[in-house]
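Following: one structure in structure tokens, then a few remarks.
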Amino acid sequence: MAINKEIWLDFINETLSKNNTFLTKAVNDTASVIDNKVVHIANAGSPSEIVTNNTSWPLTISDRTDTDITYNLDRFNTYPKRVDSLEKVELSYDLMASILKNDLTNMQNKAANKILYNWVYGIATGAIVDSTGTGKTIMSTGFGETGNSKKFTLNDINKANALLTSQDVPVEGRVLLVTPSQYSDIQEFIQQPIYAPNFADSAVKGFVGVVGGFEVIVRSKTVAISHTGVTVASPEATGLTSYVAAAVAYHPDFVRVASGSPIVITNEDPAYGGQTIGIGMRLGGRMSREDAKGLVIIRETKI
């Protein structure tokens with residue numbers, strides 16, 4: 001029996017929306033995707049100057065120059081899996097659903113890593129805060145980081161918050177995306193009773209608590225950045241012993257995400273003894289503004 005692609009497409013869309021909470025904390029451009037692979041963003045030009053108690057007329061007229069920003073969606077494909085016709089009958093669980101769920105989780109994680117990289121690529125030097133706490137052993141997040149670094153402190157997080165405020169970024173809704181090791185640093189100073197109400201019911205809202213004005217989200221992998229300079233590592237890079245993990249502080253209005261329509265690729269052939277199934281999809285994102293406002297990195301200081 002052939003696979004009902006429409007059922008699986010609905011399953012894909014539902015599953016994608018459940019993973020990687022931080023992707024929901026962004027401007028979603030999916031409705032603006034052109035030809036299933038590119039997004040155009042109108043980046044507003046400078047606002048008009050304001051004059052107070054003017055007595056000289058006429059006022060000077062000027063045009064506003066907007067900038068058209070585009071970003072392409074990356075293409076992601078799973079290697080096809082074979083589903084044995086006899087196993088479909090014999091197994092007590094839905095093998096097709098199990099394959100799709102596993103592959104979708106892997107695809108979503110790969111795509112989320114790339115989107116996060118796109119968000120912070122080109123981050124300005126002045127938008128980096130270095131951690132100032134006591135020493136700890138670096139916990140690698142897959143990039144190959146080694147050695148020791150300084151822990152995060154509340155003061156470091158407050159500095160990131162102040163930087164966003166200096167950029168006139170809205171206060172409400174700011175997000176801090178951290179690794180498990182960085183969250184462990186945070187837990188050391190949130191044991192104080194003052195923080196208890198902020199962590200009581202946050203899990204059901206998609207984040208683990210509120211610290212320093214940020215909704216804190218924990219992810220196994222964020223981004224790696226050189227311990228000096230502003231070079232951000234490719235999400236697939238490994239063996240980066242001179243790099244450190246960084247937390248990403250941002251406001252959802254200043255980052256973008258978009259997805260194209262998923263496709264299910266199937267083939268039913270007696271030569272395979274069953275059916276093959278694969279998934280293809282385009283996903284992408286970038287920072288909203290050319291001047292990189294709205295994002296700050298807190299970098300683990302290597303020691």
*If you check every pair at least six apart or on different chains, which have Cβ atoms under 8 Å apart with a residue in region 253-273 that is at negative phi and among the small types (Gly, Ala, Ser) first and a residue that is surrounded by 19 or more Cβ atoms within 10 Å (Cβ to Cβ) and assigned to a helix (DSSP H, G or I) second?*
Ser259/Leu16
*Could you look through region 141-172, keep only residues that are touching a residue at least 24 places away in the same chain (Cβ under 8 Å) and among the small types (Gly, Ala, Ser), and pick out the one that is farthest from Ser220 (Cα to Cα)?*
Ala160
*Mind listing just one residue for me: the one in region 221-264 that is part of a strand (DSSP E or B) and of a type outside the set (A, V, I, L, M, F, W, C) and, of those, nearest to Asp74 (Cα to Cα)?*
Ser259
*What single numbered condition from (1) in contact with a strand residue (DSSP E or B) (Cβ under 6 Å, 6 or more places away or on another chain); (2) surrounded by 16 or more Cβ atoms within 10 Å (Cβ to Cβ); (3) at pLDDT below 95; (4) outside any loop (DSSP other than H, G, I, E, B) fails to hold for Asp185?*
(1)
*Got at least one residue in region 262-269 being modelled with pLDDT of 85 or more and hydroxyl-bearing (Ser, Thr, Tyr)?*
no
*Can you tell me which residues in region 67-79 are surrounded by 11 or more Cβ atoms within 10 Å (Cβ to Cβ) and at pLDDT below 90?*
Thr67, Ile69
*How many residues are within 29 Å of Ile128 (Cβ to Cβ), small (Gly, Ala, Ser) and part of a strand (DSSP E or B) when one looks only at region 265-297?*
2
_Could you list, ordered by first residue, the pairs with Cβ atoms under 6 Å in which the first is in region 73-100 and farther than 15 Å from Gly273 by Cα and among the charged types (D, E, K, R) and the second is surrounded by 14 or more Cβ atoms within 10 Å (Cβ to Cβ) and at pLDDT 80 or above, at least 6 apart or interchain?_
Asp74/Lys114; Asp74/Gly284; Arg75/Arg282
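The values are calculated or read from the model by the stated rules, or taken from the named source; none is laboratory data. What you are looking at is a predicted structure, and each value in this text was computed from that prediction instead of being measured. Glycine also receives a Cβ, built like all others from the backbone with ideal geometry; neighbour counts cover every protein chain displayed.
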